[in-house]
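Below: one structure, written as structure tokens.
The values are calculated or read from the model by the stated rules, or taken from the named source; none is laboratory data. No experiment lies behind these values; they were computed from the predicted model shown. Glycine gets a Cβ as well: all are built from the backbone with ideal geometry, and neighbour counts include every protein chain shown.
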Amino acid sequence: MPKQPTYWSNLNAAVKTLAHGLGLTFQHLLKARKRSRSFAIMQPGYFEAQQGIATVQYPHEQIPVPDNGRYKLHNEIDDCIVCDKCAKICPVNCITIEPIRSPEEFGKTSDGTSKRIYAAVFDIDMAKCCFCGLCTTVCPTECLTMTKEFDFSTFDITTHNFGFGNMTVAEIEHRKNEWSNHQQTKTQTEPVAPKAPILKPKITPPTPQTD
Ligand code: SF4
Ligand code: SF4
């Protein structure tokens, strides 16, 4: 049966723990005296200068974030083909896209993919985003990426809805009309397909039974 702690053994353990913690703090304090100046973590020699320091002076100093971290999303809209894959896969529906089709190719992305759809709206509501990264995985042109920006807190949650569309209201109207006119012209000029003849099923009369 394990020995039950007594009042005095508890007190002894508390004093020992406290002494150990204070000893560590004191060691850091002594080492920290060697740190003479505050400078950015990206500058050479930062870690050599961190004698005894366990806390960085955020936001003046920042610990580098990992390259594969998932933080604020960015869409390089000029490389977006408005395929809607990101919006479809998003588990929390935080990507809103309003596409406008173009009658013909109007440009290419930096990887040479043909652009045929304009993005009248391309919004990402980062307040809803769960940072799963699925949207960046499915993006065929790799224009949707996670940046290293992690501190974008605000007092107003509505400002977390980031818009990446760069079309003006007039341009949106123009492109919508262009597509609608194209559709009308297509309907008027398309030849009417001839009606297929109605084929009647051939009924063979039953042969009379002879006994
Ligand atoms: S990271 Fe996930 S939750 Fe956030 S926008 Fe992309 S798919 Fe949606
Ligand atoms: S998956 Fe990529 S290319 Fe497609 S709409 Fe989203 S951001 Fe644009």
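Values for this structure:
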item: Among the residues listed as Phe152, Phe122, the single one being buried (at least 17 other Cβ atoms within 10 Å of the Cβ), assigned by TED's automatic domain parsing to the domain that holds Lys108 and among the aromatic types (Phe, Trp, Tyr); result: Phe122
item: Single condition Glu149 does not satisfy, out of (1) within 15 Å of ligand 2 (Cβ to nearest atom); (2) at negative phi; result: (1)
item: Unique match (being hydrophobic (A, V, I, L, M, F, W, C) and at positive phi) among Val138, Val121, Val82, Val65; result: Val82
item: Residue match in the stretch 127-134 (condition: touching a residue at least 24 places away in the same chain (Cβ under 8 Å) and among the basic types (Lys, Arg)); result: yes
item: First in the stretch 19-44 and modelled with pLDDT under 75, second anywhere and surrounded by 11 or more Cβ atoms within 10 Å (Cβ to Cβ) and of a type in the set (D, E, K, R), Cβ under 9 Å, 6 or more apart; result: Ser38/Glu61; Phe39/Glu61; Ala40/Glu61; Ile41/Glu61
item: Matching residues, the stretch 65-99, being touching a Lys or Arg at 6+ places or on another chain (Cβ under 7 Å) and within 13 Å of ligand 2 (Cβ to nearest atom); result: Ile81, Cys94
item: Selection from the stretch 135-164 of residues that are within 12 Å of ligand 1 (Cβ to nearest atom) and free of Cβ contacts under 8 Å to residues at least 60 places away in the same chain; result: Thr137, Val138, Cys139, His160, Asn161
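Every residue, every condition in (1) at pLDDT 95 or above; (2) surrounded by fewer than 16 Cβ atoms within 10 Å (Cβ to Cβ); (3) not assigned by TED's automatic domain parsing to the domain that holds Gly165, yes or no:
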| position | (1), (2), (3) |
| --- | --- |
| Ala54 | no, yes, yes |
| Tyr58 | no, yes, yes |
| Asp78 | yes, yes, no |
| Cys83 | yes, no, no |
| Cys90 | yes, no, no |
| Asn93 | yes, yes, no |
| Ile97 | yes, no, no |
| Arg101 | yes, yes, no |
| Thr113 | yes, no, no |
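To keep it simple, each residue is scored yes or no on (1) within 16 Å of ligand 1 (Cβ to nearest atom); (2) among the aliphatic types (A, V, I, L, M).
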| position | (1), (2) |
| --- | --- |
| Leu73 | yes, yes |
| Ile77 | yes, yes |
| Cys80 | yes, no |
| Ile95 | yes, yes |
| Glu104 | no, no |
| Gly107 | no, no |
